[in-house]
Amino acid sequence: MQEVSGMLLTTGQAAQELGCAITTFRRLVHAGLLPGLSRRGVRVMVPLNVVQALGQRRHAPLDRLDAQEVAVLRVDAAKQVQEPDRNWIGFAASLDADTLHQSLHGWWRCDPASIAAGGVLPVTLSGYVVAVLTGLDQWERDERGRHGFPRARLVGYVTDLVEPVKHLTATDPVDRQLADLLLGTRLVSHSGGTIAYVSTNSAD
């Protein structure tokens, strides 16, 4: 599509430009990750430059990681829950770091040793890295056969996917470097569940 200054797209047009499902694009809207949105009646309108920025985003440089494979935590836009240790599950740009850490801290059906071996757990929403977790060297198993990582650390997250605006919360320089490397990049993964596994040799 030829760029027109100030042009606005519907969410359906934006999804078509990016080659994704409209529900996939709307997750980014609901998570509050896209600036400059407006409304035209009941429709959400998206600036063309926002869509173009997302389309031009580089792929995660997984080949720079010290592992042959990394796990990916695939989340949805945040929603409220009533659980003993958290009030939210998923991702939203409006959540503060502590609340976001809790909302991403779950029990998953996974191979915990593989997650630990990767050393880092990118968190993706609609195929973009929106947060990064480390501290995965210890895990626990619950009565459902799911695993959790009690020492997992949130080392960075984004509040604007277009710039992107990164918040590096880690004090460890290695963790900060990992977060800076991955945040805001594209990372497509395929899985029937919450956790996917991606080869670091297949990065574009």
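Overview of results
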| item | result |
| --- | --- |
| Hull volume in cubic angstrom per residue (convex hull over the Cα atoms of region 32-137) | 131 |
| Per residue solvent-accessible surface (Å²) - region 86-204, probe of 1.4 Å | 46 |
| MET45, MET7, reordered so the largest accessible area comes first (probe 1.4 Å) | MET7, MET45 |
| Region 25-40 - phi-based ³J(HN,Hα) in whole Hz, Karplus 6.51/-1.76/1.60, Gly and Pro as x | 5, 5, 4, 5, 5, 5, 7, x, 9, 10, x, x, 6, 9, 10, 10 |
| Förster radius 25 Å - calculated FRET efficiency between ALA97 and GLN16 (Cβ-Cβ, nearest 0.05) | 0.15 |
| Amide proton proximity set for LEU9, modelled H, under 5 Å, gap of 5+ | VAL46, LEU48 |
| Förster radius 30 Å - calculated FRET efficiency between THR171 and ARG43 (Cβ-Cβ, nearest 0.05) | 0.10 |
| Net charge of Cβ neighbours under 12 Å - reference VAL174; Lys, Arg +1; Asp, Glu -1 | -2 |
| Computed Kirkwood radius, in angstrom, where 1/r is averaged over Cα pairs of the chain | 17.5 |
| Heavy-atom accessible surface of region 123-186: percent carbon and sulfur, 1.4 Å | 42 |
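The values are calculated or read from the model by the stated rules, or taken from the named source; none is laboratory data. Computed from a predicted model, the values in this text were never measured in an experiment. Backbone-built Cβ (ideal geometry, glycine too); neighbour counts: all protein chains shown. For the accessible areas, the whole protein counts, side chains as well, though only heavy atoms, and no ligand, DNA or RNA atoms are used. Shrake-Rupley method; radii C 1.70, N 1.55, O 1.52, S 1.80 Å.
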